[in-house]
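To start, the structure under review is shown below, and the notes come after it.
No lab work stands behind these numbers, since they all come straight from the coordinates. This one's a predicted model, so the numbers in the text were calculated from it and none came from an experiment. Neighbour counts run over all protein chains shown; Cβ positions are idealised from the backbone, glycine included.
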Amino acid sequence: MSSNDTASWISERIRPEEIEKYLDGDGSVDFIPDGAIDEMVCDAKIVSAAGDKARVRDIISKSMSIQTLSPDEAAVLLNVKDPELTDEMESAAGAIKKKVYDNRIVTFAPLYLSTVCVNNCRYCGMRAGNGSLTRGVLTLDELRAEIEVLAGQIGHKRLVVVYGEHPKSGIDYMLSTIEAIYKTEVPIRNRSRTASIRRVNVNAAPMTIEELSLLNKAGLGTYQVFQETYHKEAYAALHPSNTLKGNYRWRLYCMHRALEAGIDDVGIGALFGLYDWKFEVMGLLHHAIELEKRFGIGPHTVSFPRLEPAENTPFVNENQSKYLVSDADFRKAIAVIRLSIPYAGMILTARENAELRKALVPIGITQTDASSNIGLGAYNKAKGAEVQESTRQQFILGDMRSLDDVVREFAKMGYITSFCTAGYRCGRTGQCIMDLLRTGAEGKFCKLNAVITFREWLDDFATAETKAAGEAVIAKEIEELKEAVPNVYDTFIDYYNRTVGGERDLYF
Ligand code: SAM
Ligand code: SF4
């Protein structure tokens, strides 16, 4: 592909009319009021309300009833300093997660399909100007080799596929790779069965409504795009204006386009460390409120990655950001996100180290990755070994533990790892899932499916130690199900026994 071809591809990407149609009033303002947010997070009245126990407890109880908080309520929580109130916020965050999602944790693996990119985000190892990175785009054969490891050896059922923004990994490539992943059945190691990936989520640059409709037809699960920073000035300083990513509003409105294109599971996120963490939490909340208001559907997931080191990337390696987020502030941010957008799934990734992940999960996390390797073609190359090659990956991970290790840790903490992908395959998405989540009804379907899919995974992939830890959790779950779902309990036991007998993919 010549540089002229790439330049003309870039010049046709952004459709101004697919931004302008969502702008209110005279089209000059979007839904992120930077100045007002900056003022609100340190406003004297808000700061004083944060010390008022009764006020803070009122806000917490609103969250406990699974209602989205208003920006000023969230700003109060962001300013809480009292250790007693902080503890109450964290306990409430855990309780909300339990109410909406029960004790389930969903696991997935990131799969990088391309490391080419036309943008130049200062913090990213994949930026076009980084000559130290070895670039590539996976062929379909190489993709199959990755799935053999991910689905056949580790046992993943869900992927987040990641693409750099480049004509070589544009919409046609995305569609062919998603189709290939869904079609690929691979043998399970040491078993006479096959396995496949059952849900493909996509993390890729903003697209047009037309492209997003195609992605929807290809059967993607969740479409994720992180705004990186919601603060316009900080955004401009990090994303050169002569790049596609330099257009803040093209990115800000991509979930509007996705919802309009029929994708009703959307995932928002901010990259913590680019601007004040309190501002980013407020940005995420404003984004959720806007989507709820306009489409009746909030974000299915919220992500809050923190900056990690990356090959030849001074902005991160030399700590050039003034806004790096401490572990303590990160913890606070997570609790406030959980309380502010109580129905949303919350994703904590393997960017964070094992110890911190263990400590953060109880304050509201619903999804995490494991056995992760973000180098191009790296699953097949590493064959399960914990190796990172900085010159082949976007940034460096903090936790490379195997899925087996992570599942065992969760089981010992009392969590069940769910490999369920039934919700989206049965149409429990969008408005439907929002209602189920808010009322707690989704938890019941999911508990049934969690037990069945966990049983599958334990039998097909777990080590003996993990299997023992997992079976203790399953025994407890089955007891609870007897009470919780008496009308379908017999069918459940039938599905469960058939799964133990070797049948696969039975779900409610
Ligand atoms: N290129 C697409 C885009 O920018 O939308 C796909 C996303 S990129 C491959 C995945 C995410 O990684 C980015 O949205 C960003 O939040 C995050 N990221 C980039 N550089 C990072 C770094 N140094 N440390 C941690 N996360 C980083
Ligand atoms: Fe490209 Fe995404 Fe990295 Fe920016 S964050 S340089 S768009 S891969």
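Calculate the spin-label point distance for residue 472 paired with residue 1, positioning each point 7 Å from the Cα along the beta-carbon direction, and give it in nanometres.
The modelled label-to-label distance comes out at 5.2 nm.
May I ask you to compute the full-extension gain from residue 81 to residue 355, defined as 0.36 nm times their residue separation minus their alpha-carbon distance, rounded to one decimal in nm? Before the final figure, lay out each step's value.
On the way: separation 274, 0.36 × 274 = 98.64 nm, distance 2.39 nm.
Using 0.36 nm per residue and subtracting the Cα-Cα distance, I get 96.2 nm.
Can you compute 3J(HN,Hα) from phi for each residue in the range 323-331, using the Karplus curve 6.51 cos²θ - 1.76 cosθ + 1.60 with θ = phi - 60°, rounded to whole Hz and x for Gly and Pro?
Each residue's phi maps through the Karplus curve to give 10, 4, 9, 5, 4, 5, 5, 4, 4 Hz.
Just rank 211, 146, fewest to most, by other beta-carbon atoms within 10 angstrom.
211, 146
What net charge do the residues around residue 313 carry, taking every other residue with its C-beta under 12 Å from that of residue 313, with Lys and Arg at +1 and Asp and Glu at -1?
Charge balance in the 12 Å sphere: -1.
Computed FRET efficiency, Cβ-Cβ of residue 193 and residue 95, R0 51 Å: what is it to the nearest 0.05?
On the way: r = 39 Å, r/R0 = 0.76.
Step by step, r from the Cβ atoms, then E = 0.85.
What ranking do 303, 390, 91, 28 get, fewest neighbouring Cβ atoms within 10 angstrom at the top? Walk me through the numbers before you get to the answer.
Details: 303 24, 390 17, 91 14, 28 7.
So the ranking, lowest neighbour count to highest, is 28, 91, 390, 303.
Which value, in debye to the nearest 20, describes the size of the charge dipole of the range 95-200 about its Cα centre when Lys and Arg Cβ atoms bear +1, Asp and Glu Cβ atoms bear -1, and nothing else is charged?
Details: 17 positive and 9 negative charges, 138 e Å.
The dipole of the range 95-200 has a size of about 660 debye.
How big is the charge dipole of the chain about its Cα centre, in debye rounded to the nearest 20, if each Lys and Arg gets +1 on its Cβ and each Asp and Glu gets -1 on its Cβ?
Values: 60 positive and 70 negative charges, 165 e Å.
About 800 debye.
Classify the range 318-409 as rounded, prolate or oblate, taking a ≥ b ≥ c as the square roots of the eigenvalues of its Cα gyration tensor: rounded when a/c is under 1.5, otherwise prolate if a/b is larger than b/c and oblate if not.
Numbers: a/c = 2.30, a/b = 1.42, b/c = 1.62.
Oblate.
Give the shape of the range 34-94 as rounded, prolate or oblate, defined through the alpha-carbon gyration tensor: a ≥ b ≥ c are the square roots of its eigenvalues, a/c under 1.5 means rounded, and otherwise the shape is prolate if a/b is larger than b/c and oblate if not. Don't skip to the end; give the middle numbers.
Working: a/c = 2.09, a/b = 1.38, b/c = 1.51.
It comes out oblate by the Cα gyration axes.
Take residue 328 and residue 24, extend 7 Å from each Cα along the Cα→Cβ direction, and tell me the distance between the two endpoints in nm.
Label-label distance for residue 328 and residue 24, simple model: 3.7 nm.
I'd like the distance separating the alpha-carbon centroids of the range 30-48 and the range 95-123, in whole Å.
28 Å
By count of other Cβ within 10 Å, fewest leading, how are 9, 457, 250 ordered?
Working: 9 16, 457 24, 250 21.
Ordered from fewest to most neighbouring Cβ atoms within 10 Å, 9, 457, 250 come out as 9, 250, 457.
So, R0 is 45 Å and r is the distance between the beta-carbons of residue 498 and residue 58; what FRET efficiency does that work out to, to 0.05?
Numbers: r = 49 Å, r/R0 = 1.09.
That gives a FRET efficiency of 0.40.
Starting from the Cα-Cα distance between residue 383 and residue 484, subtract it from 0.36 nm times their residue separation and give me the gain in nm to one decimal.
Details: separation 101, 0.36 × 101 = 36.36 nm, distance 4.12 nm.
Length difference between fully extended and current span is 32.2 nm.
Lys/Arg Cβ at +1, Asp/Glu Cβ at -1, dipole of the range 1-153 taken about the Cα centre: which of 68, 115, 140 is farthest positive-ward?
Towards the positive end, the residue furthest out is 140.
Pull up all non-local amide H partners of residue 398: gap of 5 or more, or a different chain, and H-to-H distance under 5 Å with H placed in the peptide plane.
351, 352
Let me check I've understood the local charge: for residue 113, count other residues with C-beta under 10 angstrom from its C-beta, Lys and Arg +1, Asp and Glu -1. What total comes out? Don't skip to the answer; put the middle values down first.
Details: positive: none; negative: 142, 146.
Around residue 113, the surrounding residues sum to -2.
Setting aside same-chain residues fewer than 8 positions from residue 245, which lysines have a Cα under 19 Å from its Cα?
168, 232
Separation between the residue 465 and residue 172 pseudo-spin-labels, each 7 Å from Cα along Cα→Cβ, expressed in nm?
Placing both labels 7 Å beyond Cα along the Cβ direction yields 5.0 nm.
With 18 Å as the limit, write out which pairs from 99/293; 62/447; 98/476; 278/332; 157/183 have Cα-Cα distances beyond it, or answer none. Could you put the intermediate results ahead of the total?
Numbers: 99/293 24 Å; 62/447 25 Å; 98/476 15 Å; 278/332 9 Å; 157/183 13 Å.
Distance filter (> 18 Å) returns 99/293; 62/447.
Excluding residue 11 itself, what net charge comes from residues whose Cβ is under 15 Å from its Cβ, given Lys and Arg +1 and Asp and Glu -1?
Numbers: positive: 13, 15, 245; negative: 5, 12, 165.
Neighbour charge sum, excluding residue 11 itself: 0.
With each run of n ≥ 4 DSSP H residues scored as -39500 (n - 2.57), what mean residue ellipticity at 222 nm is computed for the chain after dividing by its residue count and rounding to the nearest 500 deg cm²/dmol?
Values: 24 runs with 243 residues, N = 508.
After summing the helix terms and dividing by the residues of the chain, the value is -14000 deg cm²/dmol.
Using a Cα-Cα cut-off of under 16 Å, which lysines could be cross-linked to residue 45, ignoring same-chain neighbours fewer than 8 residues away?
53, 81
What's the FRET efficiency of residue 65 with residue 43 using the Cβ-Cβ distance as r and R₀ = 22 Å, to the nearest 0.05?
Efficiency, from the Cβ-Cβ distance: 0.30.
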